[in-house]
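Trainee: The structure is given below, and queries will be raised subsequently.
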Amino acid sequence: MKKYFPVYVRIPVLFAIFFMAMEFFIDSGDRPAFIKYPIVSIILLLFLFVLIAIEIVLKATNNILNALLTEEQRKQKEIEENLPLAETPFVKNLLQKLTRSRKMEEEGELMMDHDYDGIKELDNVLPPWWVYLFYACIAFAFIYLVKFHILGYDDQTAEFEKEMAEAKIAVEEYKKTAPDLMDKEKVTLLTDAASLAAGKAIFETNCIACHRNDGGGGIGPNLTDDHWILGGGIKNVFNTVMEGGRDGKGMVSWKAIIKPSDIQKVASYVLSLQGSNPKDGKAPEGDVWKDDSAPATDAAKPADSLHTAAVTLK
């Protein structure tokens, strides 16, 4: 076999197989195992050294044996080494076991009585590889019948439908918390300083041309009063920035330019400007907006309630 797989082929192939096995079985995360674990590099070098040592020993042994052989034995050995692969004893024995073919000299023992215009039939046995494959197919069919048609395991169609349903649920769960898949119904008001600062930066980059730096209004409406053209509150302001204003006039849609998580921040910043009353603010536009979902507040107590309480305590 050495002539079919010379040393310059054997060593790289065996080393590559060993290397891939080490990388497959050793969990090293996102880094190669031989980099993350230096001991793996040492093992690989030792394996390469052993391969080379074995080849050197085999070469030396072969030279010694050749020196001890007679001339006739050397010629016989050379003939055996130069045999085609199909003529080697190993391949012949393997084919014989797989096919159970008979020699031509034994055809007389296999001859049947049938004769068709001089064509005679031989009673050859079926090749073992075919017989074993046939039995394996029968066993597979029986297991398939029991598993899928009797025990009711999921077939490929059922598995696909289940996986698609699970994936749909996973996508919906992801949408609930994914900031850039936010919509009007899921948006919430942000009040932390970091989010408002980020919203202010977005506002100053994209919105001051129409609403002024302080939100007092220019081409666009005043954002600091309690009047809103398309409704106030985080949901309405978010939707206005996302989808734009009224058809044919008003603000354009920003969803293609600003991602939803940033629209939430700028909408929260706009609402933080409420009541700031900038100088020379634009006159109110739209209607006064009231959040119907906000909890009702208690009626104001009379002005002299504290005096009454003080008298009572006395």
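The values are calculated or read from the model by the stated rules, or taken from the named source; none is laboratory data. Predicted, not measured: the structure shown is a model, and the values here were computed from it. When we count neighbours, we look across all protein chains shown, and the Cβ atoms used for this are built from the backbone with ideal geometry, even at glycine. Surface accessibility is based on the protein's heavy atoms, side chains included, excluding ligands, DNA and RNA. Shrake-Rupley method; radii C 1.70, N 1.55, O 1.52, S 1.80 Å.
Trainee: Which of the following residues is hydroxyl-bearing (Ser, Thr, Tyr), open to solvent by less than 20 Å² (accessible area, probe 1.4 Å) and in contact (Cβ under 8 Å) with a residue 40 or more places away in the chain: Ser276, Ser272, Ser268?
Mentor: Just a single option satisfies the conditions, and that option is Ser268.
Trainee: Pick out the one residue from Ala300, Ala267 that is of a type in the set (Gly, Ala, Ser) and at pLDDT 75 or above.
Mentor: Ala267
Trainee: Here's a follow-up. Considering only residues that are open to solvent by 100 Å² or more (accessible area, probe 1.4 Å), over 25 Å from Pro6 (Cβ atoms) and not acidic (Asp, Glu), which ones fall in region 82-125?
Mentor: Of everything in region 82-125, those that are open to solvent by 100 Å² or more (accessible area, probe 1.4 Å), over 25 Å from Pro6 (Cβ atoms) and not acidic (Asp, Glu) turn out to be Lys97, Arg100, Arg102, Lys103, Met104, Tyr116, Ile119, Lys120.
Trainee: Next question. Of Thr61, Thr88, Thr99, which residue is free of Cβ contacts under 8 Å to residues at least 60 places away in the same chain and in contact with a Pro (Cβ under 6 Å, 6 or more places away or on another chain)?
Mentor: Result of the check over Thr61, Thr88, Thr99: Thr99.
Trainee: So, restricting to helices (runs of 4 or more DSSP H) that lie completely within region 1-100, which ones have at least 2 residues that are modelled with pLDDT under 90 and among the basic types (Lys, Arg)?
Mentor: Filter on region 1-100 gives 71-81, 89-99.
Trainee: Now, a different point. Could you check how many residues of region 177-190 are surrounded by fewer than 10 Cβ atoms within 10 Å (Cβ to Cβ) and either under 20 Å from Glu243 (Cα atoms) or modelled with pLDDT of 90 or more (or both)?
Mentor: So the answer is 1.
Trainee: Of all residues in region 193-238, count the ones that are among the acidic types (Asp, Glu) and without any contact (Cβ under 8 Å) to a residue 24 or more places away in the chain.
Mentor: Going through region 193-238 one residue at a time, the tally reaches 1.
Trainee: OK, next. Looking at region 229-241, is at least one residue open to solvent by 30 Å² or more (accessible area, probe 1.4 Å) and small (Gly, Ala, Ser)?
Mentor: Checking region 229-241: not a single residue is open to solvent by 30 Å² or more (accessible area, probe 1.4 Å) and small (Gly, Ala, Ser).
Trainee: Continuing with the same structure: Among the residues of region 158-167, are any surrounded by 10 or more Cβ atoms within 10 Å (Cβ to Cβ) and closer than 30 Å to Asn239 by Cβ?
Mentor: So far as region 158-167 goes, yes, one or more of its residues are surrounded by 10 or more Cβ atoms within 10 Å (Cβ to Cβ) and closer than 30 Å to Asn239 by Cβ.
Trainee: Kindly indicate the residue of region 6-51 that is touching a helix residue (DSSP H, G or I) at 6+ places or on another chain (Cβ under 9 Å) and within 30 Å of Asn82 (Cα to Cα) and also most open to solvent (accessible area, probe 1.4 Å) among those meeting that condition.
Mentor: Here the answer is Leu14.
Trainee: Shifting gears a bit: Quick one: count up the residues across region 200-256 that are charged (D, E, K, R) and under 13 Å from Val266 (Cα atoms).
Mentor: The number of residues fulfilling the criteria is 4.
Trainee: Name the residues in region 126-145 that are surrounded by 11 or more Cβ atoms within 10 Å (Cβ to Cβ) and farther than 20 Å from Leu95 by Cβ, would you?
Mentor: Those that are surrounded by 11 or more Cβ atoms within 10 Å (Cβ to Cβ) and farther than 20 Å from Leu95 by Cβ: Tyr144, Leu145.
Trainee: Scan (1) acidic (Asp, Glu); (2) within 48 Å of the chain's Cα centre (by Cα); (3) under 30 Å from Pro127 (Cβ atoms) for the single condition Asp113 breaks and write down its number.
Mentor: The one condition Asp113 does not meet is (2).
Trainee: Would you be able to tell me the number of residues in region 193-209 that are over 17 Å from Ile257 (Cα atoms) and open to solvent by less than 70 Å² (accessible area, probe 1.4 Å)?
Mentor: Within region 193-209, residues that are over 17 Å from Ile257 (Cα atoms) and open to solvent by less than 70 Å² (accessible area, probe 1.4 Å) number 3.
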